[in-house]
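Student: Just passing along the structure, written as structure tokens.
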Amino acid sequence: QVQLVESGGGLVQPGGSLRLSCTTSRSIFESYTMAWYRQAPGKQREFIALVTISGSTNYAASVKGRFTISRDNPKNTVYLQMNSLKPEDTAVYYCNAVFMRNTYWGQGTQVTVSS
């Protein structure tokens, strides 16, 4: 059973920072593109960022320049560094692993940006 274990969510004030982590097995991490999505209340899940096994990255326009995705290969972990957070970044953030037709999701971690 594939597991993606997320951590790092919480409550932060506007303008603050958080770093999310997602750890999985080596077999998944070595082969799959890793990504982050988020889902705000009443909205559809949306793509945030991805990093390929070669380290190429892509970002949604709404977070480009504020969020950074990275992967730590020895730790089988992908990170999402979130800076300059805004109230509209409030959502449940999900880790995703995808390779061809296979995709897996983490359980989600809540990020709340509020004063």
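Student: Would it be correct to say that Val78 is touching a Gly at 6+ places or on another chain (Cβ under 9 Å) and of a type in the set (A, V, I, L, M, F, W, C)?
Tutor: no
Student: Looking at Ser7, Ser25, which one is out of contact with any strand residue (DSSP E or B) (no Cβ under 8 Å at 6 or more places or on another chain), within 16 Å of Gln107 (Cβ to Cβ) and surrounded by fewer than 17 Cβ atoms within 10 Å (Cβ to Cβ)?
Tutor: Residue meeting the stated conditions: Ser25.
Student: Kindly indicate whether Thr52 is closer than 16 Å to Cys95 by Cα, touching a strand residue (DSSP E or B) at 6+ places or on another chain (Cβ under 7 Å) and open to solvent by 60 Å² or more (accessible area, probe 1.4 Å).
Tutor: no
Student: Would you call Gly15 touching a strand residue (DSSP E or B) at 6+ places or on another chain (Cβ under 6 Å) and either without any contact (Cβ under 8 Å) to a residue 12 or more places away in the chain or farther than 21 Å from Phe99 by Cβ (or both)?
Tutor: Against the criterion (touching a strand residue (DSSP E or B) at 6+ places or on another chain (Cβ under 6 Å) and either without any contact (Cβ under 8 Å) to a residue 12 or more places away in the chain or farther than 21 Å from Phe99 by Cβ (or both)), Gly15 does not qualify.
Student: Now for a different question. Condition first: open to solvent by 60 Å² or more (accessible area, probe 1.4 Å) and of a type in the set (A, V, I, L, M). Now tell me which residues in the range 58-115 satisfy that.
Tutor: Within the range 58-115, Ala61, Met100 qualify.
Student: Name the single residue that is farthest from Trp36 (Cα to Cα) among those in the range 79-115 being in contact with a Lys or Arg (Cβ under 8 Å, 6 or more places away or on another chain) and among the polar types (S, T, N, Q).
Tutor: Ser84
Student: Now a separate question. If I filter the range 78-88 for residues that are of a type in the set (Gly, Ala, Ser), over 17 Å from Val113 (Cα atoms) and over 10 Å from the mean Cα position of the chain (by Cα), do I get at least one hit?
Tutor: The answer is no, given that none of the residues of the range 78-88 is of a type in the set (Gly, Ala, Ser), over 17 Å from Val113 (Cα atoms) and over 10 Å from the mean Cα position of the chain (by Cα).
Student: It is to be established whether one or more residues within the range 52-62 are touching a residue at least 24 places away in the same chain (Cβ under 8 Å) and within 13 Å of the chain's Cα centre (by Cα).
Tutor: Taking every residue of the range 52-62 in turn, none turns out to be touching a residue at least 24 places away in the same chain (Cβ under 8 Å) and within 13 Å of the chain's Cα centre (by Cα).
The values are calculated or read from the model by the stated rules, or taken from the named source; none is laboratory data. This structure is a prediction, so every number in the text was calculated from the model and none was measured. Because the Cβ atoms are built from the backbone with ideal geometry, glycine has one as well, and the counts that use them run over all protein chains shown. Surface areas here come from the heavy atoms of the whole protein model, side chains and all, with no ligands, DNA or RNA. Shrake-Rupley method; radii C 1.70, N 1.55, O 1.52, S 1.80 Å.
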